[in-house]
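Worksheet for the structure shown next.
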Amino acid sequence: MIEAVGLTKRYGAKTAVYNLSFQVRPGTVTGFLGPNGSGKSTTMRMILGLDAPTSGHATIAGRPFRSLPNAPRQVGALLDAKAVHGGRSARHHLLSLAQLSGIPARRVDEVLGVVGLQEVAGRRSKGFSLGMGQRLGIAAALLGDPQVLLFDEPVNGLDPEGILWVRNLMKQLAAEGRTVFVSSHLMSEMALTAEHLIVIGRGQLLADMSVKDFISAHSADFARVRTPDTEPEQREKLTAAIGEAGGQVTPEPDGALRVTGLPLPRISDLAHGAEVRLWELSPHQASLEEAYMQMTQSVVDYRSTTDQRAGLQQVPAGYAPQGYAGGPPVAPGPGQPNPYAQQAPYGGQAPGAVPGAGHPPAQGQGHPYGAPASYGAPHPYGQQPAAPMPPAAPAAQPAPAAQPVAMPMPQNEDPR
Ligand SMILES: Nc1ncnc2c1ncn2[C@@H]1O[C@H](COP(=O)(O)OP(=O)(O)OP(=O)(O)O)[C@@H](O)[C@H]1O
């Protein structure tokens, strides 16, 4: 189990984490959510003894990380996939970690197989893609077969197959009774992977509860209603009837109506009474993403503004068709000179060009990781769901936040 008690971290005037208390229990995947800069990585660093708390403490299995005997055999972590010596091959990177922790060398090939990197194990990791680096980081976390695992955005850069694999890996690790604490910004993925959530905003606890409870506590169920597309007056009649009956109607992008505040049979009766035909009337539960957005909208620090393209609205005559309203220059009208005439089309392929080194393999060719053992065949971390976990208590108060930082791996590197 991981436990944080009154964890607080200040960097000068900036409070990154404030009075954070929670437990991450074994046997379930616990998602760690929060907007950019909310303190997730800082919290994980404090749990792993990489940052000292300003006050409060964090323990793993009842002890601070730094006083755990042979910590790499008890705790595995992926914090920053780039924190590897780029000149070292994947195998050598893992071998050096194994040697430092007294882990047998044969375990290296096991974890290379689990993450699907056997084919590139001899390649220097500096040539690895983002996703390959993530896989190497996950391999390092699994090396000591630890009971407690922390993953900071493990699916970052992974392809859909890799994302599915990580999801199943996390669930399997939890089903084996391990403690799995994983941060992610991908809400749809979290909804499929985690059973329990710890949500923070501006360094403070916003929620500590099951995914199911979180969704029902922070969003409303709704009905989707669709009237015949060809008869907009039917839609208007139904909207009016629902409004008069106290329901709230929001148009959906696809033309349907989202109705809250009325049960489905009542909506059906109202439609019948207004002589409106229905093409759809279906119950819906809000997604984790909707619930998360609802809860965290007041603690988001970094918001985009509309791109006004100041000073770029006026495109020189002859460079844009009428009605052009910003964006990159476009092709000239007929009879006008084309300033890009000598350039190859963007993204296009010059006549006679052939794919060179670095192009992805064509369909049917081997995967660059050549990973039958991990991609297709069953591996030790299969597909069983994790066991459920009871909810714990929430708490909260606001505090400031700023820029995210890169994190080193909790291990000794040996740069050559
Ligand atoms: N070493 C540091 N010095 C100063 N400020 C820091 C340091 N590390 C983190 N911070 C600040 O602490 C806050 C929390 O950062 P942290 O990286 O923990 O957030 P996060 O939730 O992991 O963000 P993201 O989701 O973007 O990765 C940010 O405001 C960040 O700028």
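Stokes-Einstein D for the stretch 126-184 at 37 °C, 0.692 mPa s, Kirkwood Rh over Cα pairs, in µm²/s? Write out the running numbers ahead of the final one.
Numbers: Rh = 11.7 Å.
My calculation gives 280 µm²/s for D.
Considering only Cα-Cα distances, which of the following residue pairs are longer than 26 Å: K82/K212; K14/K171; K40/K171; K14/K40; K40/K82; K40/K212? Provide the component values of the computation, followed by the final result.
Values: K82/K212 34 Å; K14/K171 36 Å; K40/K171 21 Å; K14/K40 15 Å; K40/K82 18 Å; K40/K212 22 Å.
Violating the 26 Å Cα-Cα cut-off are K82/K212; K14/K171.
Find, to one decimal place in angstroms, the Kirkwood hydrodynamic radius of the stretch 198-259, where the mean of 1/r is taken over every pair of different Cα atoms and then inverted. Present the calculation step by step, with values, prior to reporting the outcome.
Working: mean 1/r = 0.0706 Å⁻¹.
By the Kirkwood definition, the hydrodynamic radius is 14.2 Å.
How big is D for the stretch 1-148, in µm² s⁻¹ as a whole number, if Stokes-Einstein is applied with the Kirkwood radius of its Cα pairs at 37 °C and 0.692 mPa s?
The estimated diffusion coefficient comes to 199 µm²/s.
For a quick protection proxy, order the peptides 200-208, 94-102 by their average other-Cβ count within 10 Å, most packed first. Numbers along the way, then the final one.
Working: 200-208: 24.6, 94-102: 17.9.
Descending mean neighbour count gives 200-208, 94-102.
First obtain the Kirkwood hydrodynamic radius of the stretch 219-292 from its Cα pairs, then insert it into the Stokes-Einstein equation at 25 °C and 0.890 mPa s, and state the resulting D in µm² per second as a whole number.
On the way: Rh = 12.3 Å.
It diffuses with D of about 200 µm²/s by this estimate.
What is the set of long-range amide H partners of L20 at a cut-off below 5 Å, with H atoms built 1.01 Å from backbone N?
Amide H to amide H, under 5 Å and 5 or more residues apart or across chains, L20 pairs with G6, L7, T8.
Every read-out reported here was derived from the displayed coordinates using simple, explicitly stated rules and does not represent laboratory data. Note that the coordinates shown come from a computational prediction; the quantities given were computed from them, not determined experimentally. With ideal geometry, Cβ positions are generated from the backbone for all residues, glycine too; neighbour counts draw on all protein chains shown.
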